[in-house]
Amino acid sequence: MNEATDIISNLGIVKERIAVATEKAGRVPGSVRLLLATKTVPAERIRVAIEAGSALTGENKVQELKEKDHLLRNLPVERHFIGHLQTNKIKEVLKYVNCIQSLDRPELAEKLHQRLVYEGRTMEVLVQVNTSFEQSKFGTHPDDAFRLIEKVRSLDTLQVKGLMTIGLFAADPEKVRPSFRLLREIRDQALRSGLLPPGADVLSMGMSGDLETAIEEGATIVRVGTSIFGKRQYPDSYYWNERNN
Ligand SMILES: *Cc1c(COP(=O)(O)O)cnc(C)c1O
C-alpha cells in the first residue's frame, strides 16, 4: 500500500470506531465529529484525508499552520487551533483558524479580544481545562474554569462553544475516564447555571488511544492523529510543554 491508501484505510477504521462507540453509548449517530490532529504531518498527507471526506483539522503550532496554509487554504475544511497559544502569536493564528480550542487563561482571552476588536470580527473558542491535574499540561485548573468561562462571556468578540481537555496521559483508557467525566460535569453545570449559553455544549476530548472512552463520556469532537497518520517523530511532550512552544 502506498501512503495515501494507508491514510484512507486508517480513516475508515477510525470512523468505524467512532460509529461503533457512538452507538454503544446510545448516542445519536453522527453526533461525534472527527478532528484530524495534524501536527508534524505534511500538507500533502493532510490533503489526502481531507479529499477522502474529513472536514475538520487541528494544529498545535502557528508555524505549522502557516507553512501548510498554501496547500490547504482552498479546501473545504474547518481549521481549529489545539496547541498552547502564546499571546505574541495571536495576530498570526487569527489568519488561519475558525476556532481556538485552547483558550486557557484570562490574559489570552483579553488579548484575543483586543485584536478581534481591532479587526472587527469574532472568533469561536473552547475553554481548555486541565482535568488531569498534571503540571505539564495546559488548561485552566478545574476550580478556575467557571471564572474563565465568565471572563470569556464578558468579551463580545469571543463566541464560546464549549470545553476542551487533553486528559490524563495513560495507556489504560479507564485511567483517563475521570478526566473526561470531569469535563462533562463542568460543562453540564455551566450550561445549567447559564454560564455557558444554550447550545454551547461542545466537549472536545479523546485521542487515538481513548476515543471510545471519551465518546462514552459525552465527547462531541475527538481529536485523532496517530491512528490516521501513524507515529510521530517527536514525543507529545514536545508539543505540550511550555518551554518548547
Ligand atoms: C497530538 C494531539 C492529539 C492527537 O493525539 P493522537 O494520540 O496522535 O491521536 C489530540 N489533541 C491534542 C491537543 C494533540 O496535541
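Amide H of Met164 versus every other amide H placed in the peptide plane: which residues, excluding those fewer than 5 positions away on the same chain, fall under 5 Å?
For Met164, the qualifying residues are Val127, Gln128, Val129, Ser204.
Picking from Val28, Val14, Phe81, whose Cα lies most toward the positive end of the charge dipole for the chain (charges on Cβ: Lys, Arg +1; Asp, Glu -1)?
Positive-end residue among those listed: Phe81.
What percent do you get for the relative contact order of segment 3-244 when only Cα pairs under 8 Å and 6+ apart count?
20
Which value, in Å³ per residue, describes the convex hull spanned by the Cα atoms of segment 3-244?
Cα convex hull per residue, to the nearest whole number: 120 Å³.
Given Cβ point charges of +1 (Lys, Arg) and -1 (Asp, Glu) and nothing else, what value in debye, to the nearest 20, does the dipole of the chain about its Cα centre take? Don't jump to the answer; show the numbers that get you there.
On the way: 35 positive and 33 negative charges, 81 e Å.
Charge dipole of the chain: 400 debye, to the nearest 20.
Using the membrane-span-like helix rule (whole DSSP H runs, Cα extent along the own axis of at least 18 Å, mean Kyte-Doolittle hydropathy at least 0.0), which helices of the chain qualify?
Details: long enough: 3-24 (31 Å, 0.15); 106-119 (20 Å, -0.79); 173-192 (28 Å, -0.98).
Helices meeting the criterion: 3-24.
Among all the lysines, which ones have a C-alpha under 22 Å from Lys151's C-alpha, if same-chain residues fewer than 8 places away are not counted?
In chain and number order, the partners are Lys89, Lys91, Lys111, Lys137, Lys161.
If we count other beta carbons within 10 Å of each Cβ, what is the order of Glu216, Glu150, fewest first? Numbers along the way, then the final one.
On the way: Glu216 20, Glu150 13.
In order of increasing Cβ crowding within 10 Å: Glu150, Glu216.
Amide H to amide H under 5 Å from Gln159: which residues, 5+ apart in sequence or cross-chain, H placed 1.01 Å off N in plane?
Met123, Glu124, Val125
Run lengths n ≥ 4 of DSSP H only: what is the helix-derived mean residue ellipticity at 222 nm for the chain, with -39500 (n - 2.57) per run over all residues, to the nearest 500? Mind dumping the intermediate values first?
On the way: 10 runs with 103 residues, N = 245.
Helix contribution divided over all residues of the chain: -12500 deg cm²/dmol.
Among the lysines in segment 1-84, how many pairs, 8 or more places apart or on different chains, have alpha carbons under 16 Å apart?
Lysine pairs meeting the criterion: 4.
Using the number of other C-beta atoms within 10 angstrom as an exposure proxy, rank Val48, Val62, Val127, Val117 with the fewest first.
In order of increasing Cβ crowding within 10 Å: Val117, Val48, Val62, Val127.
Only the coordinates and a few stated rules stand behind these numbers; no lab work does. Quantities reported herein were computed from a predicted structural model and do not represent experimental measurements. Every residue, glycine as well, gets a Cβ built from its backbone with ideal geometry; the counts of neighbours run over all protein chains shown.
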